[in-house]
Every structure is written in C-alpha cells, then in structure tokens.
1. Where nothing but the Cβ of Lys and Arg (+1) and of Asp and Glu (-1) is charged, how large is the charge dipole of the chain around its Cα centre, in debye to the nearest 20?
2. Please give the length that would be gained between Asp95 and Arg40 if that part of the chain were fully extended, namely 0.36 nm times their separation in residues minus their C-alpha to C-alpha distance (nm, one decimal).
3. State the dimensionless ratio Rg/Rh of the range 45-106 (Rg: radius of gyration of Cα atoms; Rh: Kirkwood radius).
4. Using modelled amide H (1.01 Å from N, peptide plane; none on Pro or chain starts), what sits under 5 Å from the amide H of Leu104, excluding residues fewer than 5 places away?
5. Could you list which residues have their amide H under 5 Å from that of Asp29, counting only those 5 or more apart in sequence or on another chain, with H placed in the peptide plane?
6. Given 0.36 nm per residue, what is the gain on full extension from Tyr16 to Val71 after removing their alpha carbon distance, in nm?
7. For Val23 and Glu3, calculate 0.36 nm times their separation in residues minus their Cα-Cα distance, and state this gained length in nm to one decimal.
8. Counting only residues 5 or more places away or on other chains, whose amide H sits under 5 Å from the amide H of Leu55 once H atoms are built in the peptide plane?
Amino acid sequence: MHEPPSGLFRSWVHSYEEDHEDVRVYRPDDHPFPPARGRRGMEFAPDGTFTDHPLGRGDAPGAVPGRWRLVSDRHLALTFGGARPDRELEIVRCDEDVLHVRRLTG
C-alpha cells in the first residue's frame, strides 16, 4: 500500500471560491484568503489522527476529532467514532500549496 502525500500533514482551510465540479479546494491555514463569514477546515497528522473543523456558532470553526486511514492509493477513510458520520475522500491533488479532494461518501 502506498503512503499519502507528505504535504497532506497540516491544517487545511476550505477555499470554496476555487471549488470546481465535485472537487473541493483547500489551502494551508496561512493562505491569504479573501474575507468570508467563516471557513471550514481539516487537519491531518502523520499518526492517523484527524480533526474536522466545521462551522460552529457564530461561524467560528469547531473541532471534531477523528482518525484517517489510507484505503488505497489517494483514497482516505475518515472515522469519527459515532460523533458524526464517517466519510471517504479521494485526494485529487496535494502539494505544499493546495489540496484538492473529492468526497466519495458522506
């Protein structure tokens, strides 16, 4: 089984202005985003931990802990232990500047 791209391991923020078709675009959290009421995000760690950052009250990001695992090359399973529905993602592109993902489930 392959390893996920090394650039994956960081905090990513949804750059919804760049979404296209069924692909969601994320940028590193230090990217100069245009103003927005709030942005979702997610964070991957090499040890298999994952944090989803949905919008919470007042458009502030929340934090839902979970785990990620590589199912196959560029296919990740995200689990949340019942705190929210599990989901699967396909990594379309990942480098130091951008993460493109496609939701397969969830």
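The values are calculated or read from the model by the stated rules, or taken from the named source; none is laboratory data. No experiment lies behind these values; they were computed from the predicted model shown. Positions of Cβ are generated from backbone atoms using ideal geometry, with glycine treated the same way; all protein chains shown enter the neighbour counts. Accessible surface is based on the protein model in full, side chains and every heavy atom, while ligands, DNA and RNA are left aside. Shrake-Rupley method; radii C 1.70, N 1.55, O 1.52, S 1.80 Å.
1. Numbers: 15 positive and 19 negative charges, 90 e Å.
So the magnitude is around 440 debye.
2. Extending this stretch completely gives an extra 17.9 nm.
3. Working: Rg = 12.3 Å, Rh = 12.6 Å.
Value, to two decimals: 0.98.
4. Glu88, Leu89, Glu90
5. Counting only residues 5 or more places away or on other chains, the set is Ser11, Val13.
6. Difference between extended and current length: 17.2 nm.
7. 5.1 nm
8. Gly62
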